[in-house]
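The values are calculated or read from the model by the stated rules, or taken from the named source; none is laboratory data. Because the structure is a prediction, the values reported are computed rather than measured. As a convention, Cβ positions derive from the backbone with ideal geometry for all residues, glycine included, and neighbour counts pool all protein chains shown. Heads up: the accessible areas ignore ligands, DNA and RNA and are worked out on the full protein's heavy atoms, side chains in. Shrake-Rupley method; radii C 1.70, N 1.55, O 1.52, S 1.80 Å.
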Amino acid sequence: MDRLLIRGGVPLAGEVRVSGAKNAALPLMCAALLTDRPLRLGNVPHLRDVTTMLRLLSQMGVEVNVDETMCVELCGASLGNPLAPYDLVKTMRASILVLGPLVARHGQARVSLPGGCAIGQRPVDQHLKGLAALGAEIQVEQGYITARASRLRGARIVADLVTVTGTENLMMAACLADGTTVIENAAREPEVVDLARCLTAMGARIRGAGTDVVTVEGVRDLGGASHRIMADRIETGTFLVAAAATGGSVVLRDADPDTLDAVIGKLREAGAEVGVDGRTIRLAMRGRPASVNVRTAPYPAFPTDMQAQFMALDAIATGAGVITETIFENRFMHAQELARLGADIEISGNTAVVRGVPHLQGAAVMATDLRASASLVVAGLVAEGETLVDRIYHLDRGYEAIEEKLARLGARIKRVH
Ligand code: EPU
């Protein structure tokens, strides 16, 4: 199993290019299930989750072609097997995103229930409730969701809570429904907007993506399209935090700064100088950061996917920061590992109080999920001595060539087998 060996203490300096967004790429690939015409996606990040999704789609009969620039062409002309088996769904919960498109175009789908995961239970009841409102007949038995409909019908759906993949699943399904669908309490995440843009290019009629009311007028068929995937705002944020934590100075190219207001705001509060020019973000940090309080909430508030990285930042900051996680019930597992590096963190329910210390000390630590792994890498870059991060397969799910990019910024980091 691969591990990352980091010798910390080097302020990051230099330039890197931001990759395409994982959480936009995954739903966008599923949109290929809605049409028998080719869908071309550019700026696809080279990640384990992307490979898993391609495997799942090709197993269903989607023709997949990937060129050397990671431009992916998907063609669902001859869909055969509308099944998402347990062994794939359990490794990647985003597999649930095939459900809406499959039932909308294929009339049926069988998708394994995702089950709980390290960061929380993560039920899919809102996806199922919405599809039922659109007229799908849903059964859950033997660990599988079966959904059937001859043609979905437009409906008004009020989500009980804000769900990103839930909104995406229902928006895709509604594109081919008969009549108009209104999704209220929709997620406003930029990845929802990116998906809506691509669906619109395919011929869908969508209004309000990026607001909490999304209206979809169903059409009979969708066509093909070419779409460039948005920049990964969480990868961007992670590199910005790594630069701030090490007292570095970096330039990130091909970013989408508009999607990062909450994160950039908190970095400035921590003392970083952040400049934005078009698609370029520059960050420079002198001395130790000041601690910041962070409360996660749906977009445009502070993203849960950046919470762990900010805990690492607070761990070496001056003063104490309070971190409140409101999205997932078990997303503090990195705290124990950060403590192994010398961080002072006290957790009570969904709140962590992080008292900054002047130095962390390298140690062996274990990654427990994707963003937890990123926080351990950030901490390792700051810590004195060697940090060995184990179980980095989590990291490979969502960060493209992270050790190469960090090495380009001067970090002493290498992958060991
Ligand atoms: N929830 C329900 N019922 C549902 C759906 C969600 O109770 O039917 C709850 C969840 O358990 C959670 C909250 O609602 O407590 C929000 O979950 P959401 O559905 O928004 O999460 P998701 O769509 O499964 C996506 C990202 C996550 C990111 C969250 C929150 C993708 C593929 N995944 O997950 O990304 O943390 O939104 O922003 O888009 C990551 O990249 O590391 C990651 C976990």
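Of everything in segment 248-263, what is assigned to a loop (DSSP other than H, G, I, E, B) and either touching a Phe, Trp or Tyr at 6+ places or on another chain (Cβ under 7 Å) or among the aliphatic types (A, V, I, L, M) (or both)? Give them in sequence order.
Looking only at segment 248-263, we keep the residues that are assigned to a loop (DSSP other than H, G, I, E, B), and these are 248, 254-256.
If the condition is that a residue be assigned to a loop (DSSP other than H, G, I, E, B) and either touching a Phe, Trp or Tyr at 6+ places or on another chain (Cβ under 7 Å) or among the aliphatic types (A, V, I, L, M) (or both), then A255 is the only one that fits.
Would you mention how many residues in segment 21-37 are part of a loop (DSSP other than H, G, I, E, B) and either hydroxyl-bearing (S, T, Y) or more than 16 Å from the ligand (Cβ to nearest atom) (or both)?
Counting residues in segment 21-37 that are part of a loop (DSSP other than H, G, I, E, B) and either hydroxyl-bearing (S, T, Y) or more than 16 Å from the ligand (Cβ to nearest atom) (or both) gives 3.
I'm checking my understanding of the structure. Among residues of segment 186-197 that are within 10 Å of the ligand (Cβ to nearest atom) and part of a loop (DSSP other than H, G, I, E, B), which one is farthest from the chain's Cα centre (by Cα)?
A187
So if I check each of A21, A32, which one is small (G, A, S) and more than 30 Å from A243 (Cβ to Cβ)?
None of the other options fit; the residue is A32.
Working only within segment 271-321, note down all residues that are open to solvent by 60 Å² or more (accessible area, probe 1.4 Å) and either at pLDDT below 95 or basic (K, R) (or both).
The answer is R279, R282, R286, R288, R295.
Scan V111, V18 and give me the residue that is open to solvent by less than 10 Å² (accessible area, probe 1.4 Å), within 16 Å of the ligand (Cβ to nearest atom), farther than 30 Å from D254 by Cα and not aromatic (F, W, Y).
None of the other options fit; the residue is V111.
Looking at segment 380-404 only, could you name the residues that are more than 16 Å from the ligand (Cβ to nearest atom) and crowded, with 22+ Cβ neighbours inside 10 Å?
Of everything in segment 380-404, those that are more than 16 Å from the ligand (Cβ to nearest atom) and crowded, with 22+ Cβ neighbours inside 10 Å turn out to be G380, L381, V382, A383, T387, V389.
So A339 ticks every box in (1) hydrophobic (A, V, I, L, M, F, W, C); (2) within 22 Å of I234 (Cα to Cα); (3) open to solvent by 10 Å² or more (accessible area, probe 1.4 Å) but one. Which box is left unticked?
Tallying (1) hydrophobic (A, V, I, L, M, F, W, C); (2) within 22 Å of I234 (Cα to Cα); (3) open to solvent by 10 Å² or more (accessible area, probe 1.4 Å), A339 fails exactly one: (2).
Show me the helices (runs of 4 or more DSSP H) found entirely inside segment 300-417 where at least 2 residues are under 17 Å from the mean Cα position of the chain (by Cα).
In segment 300-417, 307-315, 370-382, 393-398 are the helices (runs of 4 or more DSSP H) which contain 2 or more residues that are under 17 Å from the mean Cα position of the chain (by Cα).
Sort out which residues of segment 116-153 are open to solvent by 50 Å² or more (accessible area, probe 1.4 Å) and among the hydroxyl-bearing types (S, T, Y), and write them in order of number.
S150
If the requirement is being more than 13 Å from the ligand (Cβ to nearest atom), open to solvent by 10 Å² or more (accessible area, probe 1.4 Å), part of a strand (DSSP E or B) and farther than 30 Å from A335 by Cα, which of these qualifies: T200, T215?
Residue meeting the stated conditions: T215.
Does R40 qualify as being assigned to a strand (DSSP E or B), closer than 23 Å to D125 by Cβ and open to solvent by 10 Å² or more (accessible area, probe 1.4 Å)?
No: the conditions fail for R40.
Take segment 80-100 and flag every residue that is closer than 20 Å to M172 by Cβ and surrounded by fewer than 19 Cβ atoms within 10 Å (Cβ to Cβ).
Within segment 80-100, G80, N81, L83, L88, R93 meet the criteria.
So that you can scan it fast, the table gives a plain yes or no per residue for (1) of a type in the set (G, A, S); (2) at pLDDT 95 or above; (3) in contact with a Pro (Cβ under 9 Å, 6 or more places away or on another chain):
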residue	(1), (2), (3)
F332	no, yes, no
I345	no, yes, no
N350	no, yes, no
V353	no, yes, no
L388	no, yes, no
H394	no, no, no
G410	yes, yes, yes
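Give the number of residues within segment 139-163 that are within 16 Å of the ligand (Cβ to nearest atom) and either closer than 12 Å to A177 by Cα or β-branched (V, I, T) (or both).
6
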